[in-house]
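The values are calculated or read from the model by the stated rules, or taken from the named source; none is laboratory data. Since this is a predicted model, take the numbers as computed values, not measurements. When we count neighbours, we look across all protein chains shown, and the Cβ atoms used for this are built from the backbone with ideal geometry, even at glycine.
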Amino acid sequence: MVGADWASSGDLRAQTKTILGMVENQVTECNLLGSPALGLCYVAAGRTHLYWHLDLTIWDVAAPGLILEQAGGVLTDRDGNSWLYSDGGYIGSNNVVHGWALGCIKSVTDPPDPRDPTPLPKELG
């Protein structure tokens with residue numbers, strides 16, 4: 001089970017829709033929660049496995065991010081780097097699905113160069 005929320009701007013909102021379409025057949029349930037704090041705390045409590053949002057500020061995730069990390073989860077920016085320096089995209093997970101989530105989100109937000117001969121991983125191709 002995963003959670004997400006809509007980005008407020010047009011391009012990021014469209015990317016969120018694309019990501020939701022990509023993961024809908026790979027998860028049992030996807031909830032749009034309306035609250036980043038609630039989404040990250042649900043991951044910390046084990047109610048969901050993953051929460052992502054593409055358009056937040058650090059004060060939206062600072063406190064729930066600490067709760068998530070203290071519960072053993074992981075919070076990164078959408079590139080898998082420290083969440084402290086995010087450009088607005090955040091991914092919080094239970095650690096088990098974090099790599100899968102990064103792959104799905106990055107395939108939409110940073111699509112591969114069509115001239116690159118390296119094939120996509122099977123689950124993303």
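Answer with yes or no whether Val43 is within 18 Å of Gly3 (Cβ to Cβ) and either of a type in the set (S, T, N, Q) or at pLDDT 90 or above (or both). Judged against the criteria, Val43 is a match. Does Ile67 count as among the aliphatic types (A, V, I, L, M), in contact with a Gly (Cβ under 9 Å, 6 or more places away or on another chain) and either within 21 Å of Glu24 (Cβ to Cβ) or touching a residue at least 40 places away in the same chain (Cβ under 8 Å) (or both)? Considered against the rule, which asks whether it is among the aliphatic types (A, V, I, L, M), in contact with a Gly (Cβ under 9 Å, 6 or more places away or on another chain) and either within 21 Å of Glu24 (Cβ to Cβ) or touching a residue at least 40 places away in the same chain (Cβ under 8 Å) (or both), Ile67 comes out as no.
Within the range 14-47, the set of residues being of a type in the set (D, E, K, R) and more than 13 Å from the chain's Cα centre (by Cα) comprises Glu24, Glu29, Arg47.
Scanning the range 70-99 for residues that are in a helix (DSSP H, G or I) and either among the hydroxyl-bearing types (Ser, Thr, Tyr) or at pLDDT 90 or above (or both) returns Gln70, Tyr85, His98, Gly99.
For the range 50-60, the count of residues that are more than 19 Å from Met1 (Cα to Cα), of a type in the set (A, V, I, L, M), in contact (Cβ under 8 Å) with a residue 24 or more places away in the chain and in a helix (DSSP H, G or I) is at least one.
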